[in-house]
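Throughout, read-outs are computed from the coordinates displayed, never taken from laboratory work. Values in this document were obtained by computation on a predicted structure and should not be read as measured data. Backbone-built Cβ (ideal geometry, glycine too); neighbour counts: all protein chains shown.
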Amino acid sequence: MRQGTTYLKKGDKVEVITGKDKGRVGKILKVLRDKDKALVERVNMIKRHTKPREMNQQGQIVEKEAAIHVSNLQLICPECTKTGRIGRKILEDGSKIRYCKSCGESIESKS
């Protein structure tokens, strides 16, 4: 089975476009490329029950993010602040950049 290409990276601001968290916005914490999924901050929260590992430790319920499929996410352009499609360009110097197809501006972080 061949996975699709994702244009999302860690630190990108995305909006959930379908599912129980539709309309929620968050930052990508981690991208799982082999599964085509991503962990998004405060989106798709699950409760994980943990056992005490030591005698003086208590069991607890930990709430954490679960992975969400990248097809359910859409990138928010930092320039025009709209969700939209993303494209790739190869510049004259040979470097690759991602760009917003609605405003045409580069999405890459200015570092």
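How far is it, in nm, from the label point at Asp34 to the one at Lys82 when both lie 7 Å from their Cα along the line to the Cβ?
Placing both labels 7 Å along Cα→Cβ, they lie 3.9 nm apart.
Among Val31, Val25, Val40, Val14, which comes first, second and so on when ranked by fewest other beta-carbon atoms within 10 Å?
Val25, Val31, Val14, Val40
Taking the simple approach of a point 7 Å from Cα along Cα-to-Cβ for both Ser102 and Gln58, what is their distance in nm?
4.7
Out of (1) 62, 35, 29; (2) 79, 25, 22; (3) 56, 28, 23, which label holds the value of Cα extents along the principal axes in Å that was computed here?
Computed from these coordinates, Cα extents along the principal axes in Å corresponds to label (1).
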